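Colleague: Sending over a structure as structure tokens; questions will come in a sec.
The values are calculated or read from the model by the stated rules, or taken from the named source; none is laboratory data. Here the structure is a predicted model, which is why all the values come from computation and not from measurement. Positions of Cβ are generated from backbone atoms using ideal geometry, with glycine treated the same way; all protein chains shown enter the neighbour counts. Accessible surface areas use protein heavy atoms only, side chains included; no ligands, DNA or RNA. Shrake-Rupley method; radii C 1.70, N 1.55, O 1.52, S 1.80 Å.
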Amino acid sequence: VHSNWEACEKKFKKGEQLLKQRKNKAALQAFEAAHELLPHYPNINLTLAQQYYKLSDYEKAEKFIKEYIKNISKDIKGQQLLAQIYLKQKKLREAEKITKEIKSIAPDDKSNLKLMKTVFNEINKANK
């Protein structure tokens, strides 16, 4: 397990360097390789979710962010990303449910209040 950890960390850092160089595809491959070594490591799941979200691959983004949330359930950033993914997928009720959960954890979180408003507006548009 120890050697897996070191190899994983090496690949993850390589992915971060590649991102800084705007080599997104190569970075994604490095993060995927790190994920294969340690599939339950939260930072890798969060990073993969963020990268797939940026690529508009919402299905994969959802898979990785749910894995992240399973391990770190009270993290607002992870919850917000899932709500944003649901918004993009037009899963409006799911997005609404998550933003309400976040509000119960962090009632004054400004980015969540903004996200709630967006979800509310999308639901209203869909109901017209």
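Colleague: So if I place +1 on the C-beta of Lys and Arg and -1 on the C-beta of Asp and Glu, and nothing else carries charge, what would the dipole magnitude of the chain be about its Cα centre? I want it in debye, nearest 20.
Modeller: 520
Colleague: Around Lys23, under 12 Å between beta carbons, what's the net of Lys plus Arg minus Asp minus Glu among the other residues?
Modeller: Net local charge, Lys23 excluded: +3.
Colleague: I would also like to ask the following. Along the charge dipole of segment 41-128, Cβ charges K/R +1 and D/E -1, which of Asn43, Asn124, Asn112 sits furthest on the positive end?
Modeller: Projecting each Cα onto the dipole axis, the largest value belongs to Asn124.
Colleague: If the cut-off is 19 Å between C-alpha atoms, which lysines fall inside it for Lys77, apart from same-chain ones fewer than 8 positions away?
Modeller: Leaving aside lysines fewer than 8 places away in the same chain, those within reach of Lys77 are Lys54, Lys60, Lys63, Lys66, Lys88, Lys91, Lys97, Lys100, Lys103, Lys110, Lys114, Lys117.
Colleague: Right, another one. Take Ile44, Ile105 and sort them by solvent-accessible surface of the protein heavy atoms, 1.4 Å probe, largest at the top.
Modeller: Ile105, Ile44
Colleague: Right, another one. Which order, highest average first, do 78-85, 106-113 follow once you tally other Cβ atoms within 10 Å for each residue and take the mean per peptide? Provide the component values of the computation, followed by the final result.
Modeller: Working: 78-85: 23.5, 106-113: 12.8.
Packing order, densest peptide first, comes out as 78-85, 106-113.
Colleague: Sort segment 40-128 into rounded, prolate or oblate with this rule: let a ≥ b ≥ c be the square roots of the eigenvalues of the Cα gyration tensor; rounded if a/c is under 1.5, and if a/c is not under 1.5, prolate when a/b is larger than b/c, oblate otherwise.
Modeller: Oblate, because a/c is 1.5 or more while a/b does not exceed b/c.
Colleague: Next question, about the same structure. What percent do you get for the relative contact order of the chain when only Cα pairs under 8 Å and 6+ apart count?
Modeller: Reported relative contact order: 15 percent.
Colleague: Moving to a separate point now. Enumerate the lysines that Lys13 could reach by cross-link, defined here as Cα to Cα under 16 Å, with residues fewer than 8 away along the same chain left out.
Modeller: Qualifying lysines at Cα under 16 Å: Lys23, Lys25.
Colleague: Another question, then. Measure nothing fancy, just the Cα-based angle from helix 76-88's long axis to the longest principal axis of the chain, in degrees from 0 to 90, nearest 10.
Modeller: On a 0 to 90 degree scale, this one is about 70.
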